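Asks: Following this message is one structure expressed as structure tokens.
The values are calculated or read from the model by the stated rules, or taken from the named source; none is laboratory data. Everything numeric in this text was worked out from a predicted model, so none of it was measured. Quick reminder, even Gly has a Cβ in these numbers, built from the backbone with ideal geometry, and neighbours come from all protein chains shown. With ligands, DNA and RNA removed, areas are computed over all heavy atoms of the protein, side chains included. Shrake-Rupley method; radii C 1.70, N 1.55, O 1.52, S 1.80 Å.
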Amino acid sequence: MLRFTVRRLLQAVPTLFVLSILVFAWLRLLPGGPATALLGDKATPERVAAMNEVLGLDDPLYVQYFGFLGRILTGDFGNSLITGDPVMEEVSWAFPATLELSVAAMFLAVLFGIPMGYIAARFRGRFLDNATVVTTLVGVAVPVFFLGFLLKYIFTQEMSLLPPSGRQDVLIDATRVTGIATLDGLLTGEFDATWDAMLHLILPAVALASIPFAVIVRITRASVLDVQGEDFVRTANSKGLTTQIVRKRHVLRNALLPVSTTIGLQTGLLMSGAVLTEKVFAWGGLGTLLEQAIQQRDYPRLQGLILLFATVFVLVNLLVDLSYAIIDPRVRVR
Amino acid sequence: MALLDVRDLSVVFKRKGTRPFTAVDGVSFSVEPGQTVGLVGESGSGKSVTSLAIMGLLRKRGAEIGGSVTFEDTELLTLSDKQLRDRRGRDLGMVFQDPLSSLNPVITIGLQITEVLERHRGMSRKEARVEAAELLDRVGLPDPQRRIDEYPHQLSGGMRQRVLIAIALACRPKLLIADEPTTALDVTIQAQILSLLSELVSETDTALIMITHDLGIVAGLCDDVNVMYGGRIVERAQRHDLFDRSRHPYTHGLLQSIPRLDAPRGEPLTPIRGSVSDNIEWEQGCAFAPRCPNATDVCWSEPPELKADDGRMLRCHNPVAIGDAVTEGAL
Ligand SMILES: Nc1ncnc2c1ncn2[C@@H]1O[C@H](COP(=O)(O)OP(=O)(O)OP(=O)(O)O)[C@@H](O)[C@H]1O
Ligand code: SF4
Ligand SMILES: [Mg+2]
């Protein structure tokens, strides 16, 4: 298992390497060249010349690339054109917010998705199953931002149950430790801050969870139905095992394999949903940074965000592979 | 008293939008304690469905099961799911055709054996593990202490089938049903598995229902043989009666289509012409009529009954004449 983990980690390196080459090439293909891209259209010729010096544009490409690689490895992504602050700082400030939202959404999606998919499969063709299938169809079809607005309307405007936007009440003077608001309150003992952050988190997390939830339900359902018909389930029944053991040990364990792949893919896709959700709920995470960066062609910031998203994606898939290997011994030996 | 008594068993598959399909049609036979009974027939003749119905493993939905299956005075067909689970694996064991797909790929073979010991013999995990290693040793798995922690994909086909046999026999059942246990294996392994099976059942005095389409297997193993065709038993006889002089044209044809060592060189095998798809409905006449060399008009209009004849049970209007046996000394 350890060897498998190490091997997978090492396999992630080339992926990130290729990605860095792509980003490097992308900056070089932009109109006006990388210096203009990194400094903005309004940069003075002197600054462009100075930047060219830093980038070493007269050097051979591979020297330029290793310079670039060295800078990103040391966390130097340049300064944002919009704020002038180092991209690294901006991103590490906003990242915890997006992380919190994404993890919460994925947690909800998995927590409710797998049991619902399983129940739908067990009551296949009956009311509960049909209701689930319809619900998930809606879940996949409804745009995230629409669901966001709808939830906001119901739970804040109509029922006044939950806060409409933001991550924390401004009146709460919470200490920032990790930047994950729900966690920080626990770490510092400011439980009211955690509670408040949780209330803020519910609606955006639910909105963001809708698509992965629906997909997980459907895959779980299909997978359980599939596995139920397998020969080894018949063997398990022929042994007279209790239904609980047959379901848990024989059906569910095998049925979870495709589900874990799905969870990984959905986590990757979550980022696009997060941008929209953050907008609806004024969440102020990476989504805001990304939106501004695209609108104002802030290439240094875009470069940083792209590399961050890609790294997260690679790491998530690594986790998926590991979970796969935990469930399925056939993967481990290969 | 018979250990297992199957009376008039029928299984009708009903699915919306399709015609009901009778896979098993009034099948009756019994198994004495310790006896080995063969269930023979071509693919699709209803052998597996019969065994699954006995074990209570057919999905209730879409399958209508009739008749009775009595095991030691208990009617199995009316037992609740829970009562059935108490007996399956303990009193009745089953070995399936495809050893790879019949084992759970994601848990160790050790657990797949211990779980049945824990369930029926009240063993602790530890005791069960010791017993499981012993069982693996008994079914001839080399190095059981190491193998016990391996997964099915790490074993060869023959070893997997040995594991399935160990599972089925773990609680020393009184009846073992083996549904084509060697079909998926190499020829050399087939013989090993068969001799292992017959050794184990005779050692422990376990009754065995051997399901196969291979008459050669039956010849070496079974006391009584039931030949099925189109969901019905068409001939039942003791092994020697069947092989020395088969009376039903279908059995006769089956025996003639087996290659024999003592046959004169160059003598062609005579396979049964046509295929199961030519069958007519039993209600109409004899399902085998379209393929039968002995068929006469009555075969097309009147279903034959299963009747005692010549020391056996026979379902045929024009059985093969006594003395017309070509299979003398075969196999
Ligand atoms: N669940 C089911 N629903 C509908 N038809 C079925 C079902 N299971 C089996 N059948 C049909 O019942 C018939 C008998 O099948 P069965 O599996 O008992 O044959 P078999 O004698 O075991 O053949 P084989 O040698 O191929 O295993 C076949 O025609 C099969 O298509
Ligand atoms: S009843 Fe007729 S068709 Fe059927 S097996 Fe006998 S002779 Fe052949
Ligand atoms: Mg079969």
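Asks: Run the helix sum for chain B: -39,500 (n - 2.57) per DSSP H stretch of 4+ residues, divided by residue count, reported at 222 nm to the nearest 500 deg cm²/dmol.
Replies: Rounded to the nearest 500, the figure is -9000 deg cm²/dmol.
Asks: If you don't mind, there's one more thing I want to ask. Which one, B:190, B:227, B:94, projects farthest toward the positive side of the charge dipole computed for region B:4-227 from Cβ point charges (K/R +1, D/E -1)?
Replies: Highest projection toward the positive end goes to B:94.
Asks: Another question about this same structure. Alpha carbon centre of region A:301-334 versus region A:149-166: separation in Å?
Replies: That distance is 35 Å.
Asks: Moving to a separate point now. Give the cross-link partners of residue B:126 among the aspartates and glutamates, using a straight C-alpha distance below 16 Å as the criterion and excluding same-chain residues fewer than 8 apart.
Replies: The reachable aspartates and glutamates, counting only those whose Cα sits under 16 Å from residue B:126, are B:115, B:118, B:134, B:149.
Asks: Tell me which lysines have Cα within less than 22 Å of residue A:279's Cα, excluding those fewer than 8 residues away on the same chain?
Replies: Here the lysines satisfying the reach criterion relative to residue A:279 are A:152.
Asks: Could you work out how far helix A:127-141 tilts from the main Cα principal axis of chain A, as a 0 to 90 degree angle to the nearest 10?
Replies: Result, in degrees: 10.
Asks: To the nearest hundred square angstrom, how large is the accessible surface buried between A and B, total for both chains, probe 1.4 angstrom?
Replies: 2400
Asks: A further question on this structure: Just need the relative contact order of chain B here, percent rounded to a whole number, with Cα pairs under 8 Å and 6+ apart.
Replies: Relative contact order, chain B: 19 percent.
Asks: Under a 10 Å cutoff between Cα atoms, tell me which one of A:239, A:279, A:248 has the largest fluctuation in the Gaussian network model of chain A.
Replies: Between A:239, A:279, A:248, it is A:239 that shows the largest mean-square fluctuation.
Asks: Output ³J(HN,Hα) for region B:213-223: one whole-Hz value per residue in order, computed from phi by the Karplus curve 6.51 cos²θ - 1.76 cosθ + 1.60 with θ = phi - 60°, and x for Gly and Pro.
Replies: Each residue of region B:213-223 in turn: 9, 9, 5, x, 4, 4, 4, x, 10, 9, 7 Hz.
Asks: Determine ³J(HN,Hα), in whole Hz, for all residues of region B:9-25 in sequence, where each value follows from phi through the Karplus function 6.51 cos²θ - 1.76 cosθ + 1.60 and θ = phi - 60°; x replaces Gly and Pro.
Replies: Using θ = phi - 60°, the values come out as 5, 9, 10, 10, 8, 10, 10, 3, x, 10, 6, x, 10, 8, 8, 10, 9 Hz.
Asks: Right, something else. Going by the alpha-carbon gyration tensor, a ≥ b ≥ c the square roots of its eigenvalues, is chain B rounded (a/c under 1.5) or, if a/c is not under 1.5, prolate (a/b greater than b/c) versus oblate?
Replies: Numbers: a/c = 2.07, a/b = 1.52, b/c = 1.36.
Prolate is the answer for chain B, as a/c is 1.5 or above and a/b outweighs b/c.
Asks: Let me ask you something else. Can you give the relative contact order of chain A as a percent, counting alpha carbon pairs under 8 Å and 6+ residues apart?
Replies: Once divided by the residue count of chain A, the mean separation gives 26 percent.
Asks: Please give the calculated 222 nm ellipticity per residue for chain A, where each DSSP H segment of at least 4 residues contributes -39500 (n - 2.57) and the sum is spread over every residue; nearest 500 deg cm²/dmol? Intermediate values should be presented prior to the final figure.
Replies: Numbers: 14 runs with 245 residues, N = 334.
Helix contribution divided over all residues of chain A: -24500 deg cm²/dmol.
Asks: Towards the positive end of the charge dipole of the protein assembly as shown, with charges on Cβ (+1 Lys, Arg; -1 Asp, Glu), say which of B:33, B:80, A:194 has the farthest Cα.
Replies: It is A:194.
Asks: Packing-wise, with mean Cβ within 10 Å as the measure, how do B:52-64, A:120-132 rank, highest first?
Replies: So the order, starting with the most tightly packed, is B:52-64, A:120-132.
Asks: From the phi angles alone, apply the Karplus equation (6.51, -1.76, 1.60; θ = phi - 60°) to region B:101-115 and give each ³J(HN,Hα) in whole Hz, x where the residue is Gly or Pro.
Replies: Working through the residues one at a time gives 6, 8, 10, 5, x, 9, 10, 5, 5, x, 5, 5, 8, 5, 5 Hz.
Asks: Under the 0.36 nm per residue contour assumption, what length would be gained going from the current alpha-carbon distance of residue A:26 and residue A:296 to full extension?
Replies: Full-extension gain reported as 95.5 nm.
Asks: Among the aspartates and glutamates, which fall within straight-line cross-link reach of residue B:14, defined as a Cα-Cα distance under 16 Å, with same-chain neighbours fewer than 8 residues apart omitted?
Replies: Those aspartates and glutamates meeting the cut-off are B:25, B:64.
Asks: Moving to a separate point now. What's the Kirkwood radius of the protein assembly as shown in Å, using all Cα pairs?
Replies: Working: mean 1/r = 0.0328 Å⁻¹.
With all distinct Cα pairs of the protein assembly as shown included, I get 30.5 Å.
Asks: Place a +1 charge on the Cβ of each Lys and Arg in region A:116-204 and a -1 charge on the Cβ of each Asp and Glu, then give the dipole magnitude about the Cα centre in debye, rounded to the nearest 20. Please report the intermediate quantities before stating the final value.
Replies: Values: 6 positive and 8 negative charges, 131 e Å.
That gives a dipole near 620 debye.
Asks: Residue by residue through B:49-58, how many Cβ atoms from other chains fall within 10 Å of the Cβ on average?
Replies: Mean shielding count: 1.
Asks: Still on this model: Taking a ≥ b ≥ c as the square roots of the Cα gyration tensor eigenvalues, with a/c under 1.5 meaning rounded and otherwise prolate when a/b beats b/c, else oblate, which class fits region A:54-141?
Replies: Details: a/c = 4.39, a/b = 3.06, b/c = 1.44.
Note, shape of region A:54-141 comes out prolate.
Asks: If you roll a 1.4 Å probe over the protein assembly as shown with all protein chains in place, what percent of the accessible area is carbon or sulfur?
Replies: Heavy-atom surface of the protein assembly as shown belonging to carbon and sulfur, 1.4 Å probe: 60 percent.
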